[in-house]
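Engineer: Before we start, here is the structure in question, set down as structure tokens.
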Amino acid sequence: MAQGHIIPFLALALHLEQRRNCAVTLVNTPLNIAKLRRSIPPSSSVRLLEIPFRSSDHGLPPGTENTDSLPYDLILKFLISSLRLEPALSSLVADLAAGDAGFPSPICIVTDMFFSWCADIAHRYGIFHAVFNAGGGYGFACYYSLWLNLPHRRENSVSDGEEFTLPDFPEASTLHITQLPPFLQSADGSDPFSAFQQIVLSKWANADAILVNTVEGFDGLGLDYFRRKLGKPVFPIGPVLLTNSPTKTETGMTNSPEICKNWLDSKPARSVLFVSFGSQNTIAEAQMKELAVGLEASGTNFIWVIRPPLGFDINSEFRDEDWLPEGFPERIEASGKGLLVRRWAPQVEILGHESVGGFLSHCGWNSVLESLSCGVPILGWPLAAEQFYNSKVLEEEIGVSVEVGRGKEIVVRSGDLKDKIEMVMVGGEKGKEIRRRANEIKEMIKDAVKEDGEGKGSSVEAMDEFLNAAVVFRGRKINGGKSEA
Ligand SMILES: O=c1ccn([C@@H]2O[C@H](COP(=O)(O)OP(=O)(O)O[C@H]3O[C@H](CO)[C@@H](O)[C@H](O)[C@H]3O)[C@@H](O)[C@H]2O)c(=O)[nH]1
């Protein structure tokens, strides 16, 4: 129930339908199904099914079915409400398994990482179950290990300024306490956040397979962690991406795709920095001001997707005069240096435009994959969830990024931002190496998804193995365990 998860699920559904000839049903709550309906190409026969959900029954504002419109402080309540979908999902799978919905009984159920408990439902009907993790291998291995090895703040152990290693993932090298969001820093295993994470993460072990939206070649460390930890097949099938960004007219995108395209068309190749913090995160007002000053001082061209800062309702009116330095919107418009987009931009199209040469990103994994698929290097400003570990692996292991900020609390200085923007966009040796490496990863991604006379890429092979495992599982159930076929 989040754009960062729904988008890769839609991409996976379309891939399975168009490339693998599978009949696919996407299940979600009514408002998310309405969004999906607008994003599915008319030629697709992916079927959409609703499960009922009334947010007010869970103490959430009316119409809250997606983190993109969720007040920032209600995330835990929202996550817990997802557990209450069990009876509705159970009865829906019972109908599907009986063939009541006019479709053949499903061979496989793929659920989001937060719905891993659906393995129990699938197995009740002899159906193969896979968790599809829309995040990366390394980032989610750290996230998984951190939540299942609590607490992290102990007397005489980890404290401010200290680094530590993960007991079951030492090869991840050291993490710093500032790479843990505040609620994870204070989690002790018995608080409601820990209780929720322990339910959903420990149940990954009940799945028959784990699908990860990544590429083995540059993200193998975390995949090996899950293989070792869960003893289950882990299939890196990515990147599974949409070719066009979903539109989001209901939240009032002010700059249409055509305006963005025309603006980008007027800029030299690789000269534009794209700035966006994803579908559900934002920065503080003071940080917005520092970022604006840093962007202006760097002299680079930029497109910046602005969301209301921390403390403001995501749906509130825009207040440029409070959130941005005085005269900033007018100056950048007059100079032609910047384009401000409110709430939602056509990100895939922007990153694919030849004028874009860098992406200042919160390091949500979809954004990372979309950027690297186009060979665009990253300036990381992780804000929540596993984004801190994505940023770390992108900089330290993969070599395509430099971190410019960390979290919502630590103040980022405009001077430092300016220096790092210059370094990635135009700078000397280090910037050159980051740009070279981003192009190398782009080629690695192309190889992973290729299927031609010369053979299959690693992600195509992984998808083959996953689909084969689901079919074999089905064959065994039908033949009472006697046959593999
Ligand atoms: O203006 C916008 C903003 C976002 N997007 C799209 O929305 C998705 C955003 O996904 P992502 O970059 O992964 O960020 P989040 O929305 O923050 O994703 C959540 O889900 C990811 C996958 O599990 C995690 O990596 C993140 O930490 C988590 O916050 C991407 O496909 C973007 O192209 C747009 O099209 N336009």
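The values are calculated or read from the model by the stated rules, or taken from the named source; none is laboratory data. Not measured: the values here are computed from a predicted model. Note that each Cβ is placed from the backbone with ideal geometry, even for glycine, and that neighbours are counted across all protein chains shown.
Engineer: Please determine whether any residue of segment 249-256 is modelled with pLDDT of 90 or more and among the hydroxyl-bearing types (Ser, Thr, Tyr).
Structural biologist: No, segment 249-256 contains no residue that is modelled with pLDDT of 90 or more and among the hydroxyl-bearing types (Ser, Thr, Tyr).
Engineer: While we're looking at this one, here's another question. Where the second residue is more than 12 Å from the ligand (Cβ to nearest atom) and not in a strand (DSSP E or B) and the first is without any contact (Cβ under 8 Å) to a residue 60 or more places away in the chain and under 19 Å from Ala384 (Cβ atoms) and lies in segment 126-142, which pairs have Cβ atoms under 8 Å and are six or more apart or on separate chains?
Structural biologist: none
Engineer: Let me ask you something else. Identify, by number, the condition in (1) among the charged types (D, E, K, R); (2) at pLDDT below 95; (3) within 25 Å of Gln347 (Cα to Cα) that Glu17 doesn't meet.
Structural biologist: Checking Glu17 against (1) among the charged types (D, E, K, R); (2) at pLDDT below 95; (3) within 25 Å of Gln347 (Cα to Cα), the one that fails is (2).
Engineer: Another one. When you go through (1) farther than 25 Å from Pro309 by Cα; (2) without any contact (Cβ under 8 Å) to a residue 40 or more places away in the chain; (3) out of contact with any helix residue (DSSP H, G or I) (no Cβ under 7 Å at 6 or more places or on another chain) one by one for Asp73, which number turns out not to apply?
Structural biologist: Here Asp73 meets the rest and fails (1).
Engineer: Something else: Filter segment 90-130 down to residues that are within 16 Å of the ligand (Cβ to nearest atom) and touching a Cys at 6+ places or on another chain (Cβ under 8 Å) and give me whichever is nearest to Phe193 (Cα to Cα).
Structural biologist: Restricting to residues being within 16 Å of the ligand (Cβ to nearest atom) and touching a Cys at 6+ places or on another chain (Cβ under 8 Å), the top hit is Thr111.
Engineer: Would a scan of segment 256-264 turn up a residue that is within 11 Å of the ligand (Cβ to nearest atom), over 26 Å from Gly135 (Cα atoms) and surrounded by fewer than 21 Cβ atoms within 10 Å (Cβ to Cβ)?
Structural biologist: The answer is yes; a qualifying residue exists.
Engineer: Do we have Ala141 as at pLDDT 95 or above, within 16 Å of the ligand (Cβ to nearest atom) and among the aliphatic types (A, V, I, L, M) here?
Structural biologist: When the stated conditions are applied, Ala141 passes them.
Matching residues to (1) part of a helix (DSSP H, G or I); (2) away from the ligand (no atom under 11 Å from the Cβ); (3) touching a residue at least 40 places away in the same chain (Cβ under 8 Å); (4) surrounded by fewer than 20 Cβ atoms within 10 Å (Cβ to Cβ):
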residue: Gly357; (1), (2), (3), (4): no, yes, yes, no
residue: Glu370; (1), (2), (3), (4): yes, no, yes, no
residue: Leu379; (1), (2), (3), (4): no, yes, yes, no
residue: Ala385; (1), (2), (3), (4): no, no, yes, no
residue: Val402; (1), (2), (3), (4): no, yes, no, no
residue: Ile421; (1), (2), (3), (4): yes, yes, yes, no
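Engineer: In addition: Considering (1) within 22 Å of Asp219 (Cα to Cα); (2) surrounded by fewer than 24 Cβ atoms within 10 Å (Cβ to Cβ), say which one Gly415 fails and leave the rest.
Structural biologist: (1)
Engineer: On the basis of being surrounded by 15 or more Cβ atoms within 10 Å (Cβ to Cβ) and touching a Gly at 6+ places or on another chain (Cβ under 6 Å), does Ser116 make the cut?
Structural biologist: No; evaluated as a whole, the condition is false for this residue.
Engineer: Can you tell me how many residues within segment 264-308 are under 13 Å from Leu360 (Cβ atoms) and in contact with a Pro (Cβ under 7 Å, 6 or more places away or on another chain)?
Structural biologist: Residues flagged as under 13 Å from Leu360 (Cβ atoms) and in contact with a Pro (Cβ under 7 Å, 6 or more places away or on another chain) within segment 264-308 amount to 3.
Engineer: Specify which of the listed residues (Phe328, Phe277) is under 19 Å from Lys408 (Cα atoms) and crowded, with 16+ Cβ neighbours inside 10 Å.
Structural biologist: Criteria check complete, one pass: Phe277.
Engineer: Right, something else. Among the numbered criteria (1) of a type in the set (Ser, Thr, Tyr); (2) in contact with a Gly (Cβ under 9 Å, 6 or more places away or on another chain); (3) surrounded by fewer than 13 Cβ atoms within 10 Å (Cβ to Cβ), which one does Ser43 miss?
Structural biologist: Condition not satisfied by Ser43: (2).
Engineer: Can you pull out every residue in segment 337-350 that is within 8 Å of the ligand (Cβ to nearest atom) and part of a helix (DSSP H, G or I)?
Structural biologist: Those that are within 8 Å of the ligand (Cβ to nearest atom) and part of a helix (DSSP H, G or I): Gln347, Val348.
Engineer: Follow-up. Only one of (1) under 30 Å from Leu31 (Cα atoms); (2) in contact (Cβ under 8 Å) with a residue 60 or more places away in the chain; (3) within 16 Å of the ligand (Cβ to nearest atom) is not met by Asp313, so which one is it?
Structural biologist: (3)
Engineer: Does Val426 fit the bill of being surrounded by fewer than 18 Cβ atoms within 10 Å (Cβ to Cβ) and more than 16 Å from Val368 (Cβ to Cβ)?
Structural biologist: So Val426 passes the test.
Engineer: Give me the pairs: first residue in segment 326-338 and touching a residue at least 24 places away in the same chain (Cβ under 8 Å), second residue hydroxyl-bearing (Ser, Thr, Tyr), beta-carbon distance under 8 Å, and six or more apart or on different chains, which are they?
Structural biologist: Gly336/Ser266; Lys337/Thr300
Engineer: Moving to a separate point now. Between a residue in segment 453-474 that is farther than 10 Å from Phe235 by Cα and of a type in the set (Gly, Ala, Ser) and any residue that is assigned to a helix (DSSP H, G or I) and at pLDDT 95 or above, which pairs come within a Cβ distance under 6 Å, given they are 6 or more apart or on different chains?
Structural biologist: Qualifying pairs under 6 Å: Gly457/Asp447; Gly457/Ala448; Gly457/Val449.
Engineer: On to the next question. For segment 432-452, give me the residue count where each residue is touching a residue at least 12 places away in the same chain (Cβ under 8 Å) and either under 21 Å from the mean Cα position of the chain (by Cα) or within 30 Å of Leu324 (Cβ to Cβ) (or both).
Structural biologist: Within segment 432-452, residues that are touching a residue at least 12 places away in the same chain (Cβ under 8 Å) and either under 21 Å from the mean Cα position of the chain (by Cα) or within 30 Å of Leu324 (Cβ to Cβ) (or both) number 9.
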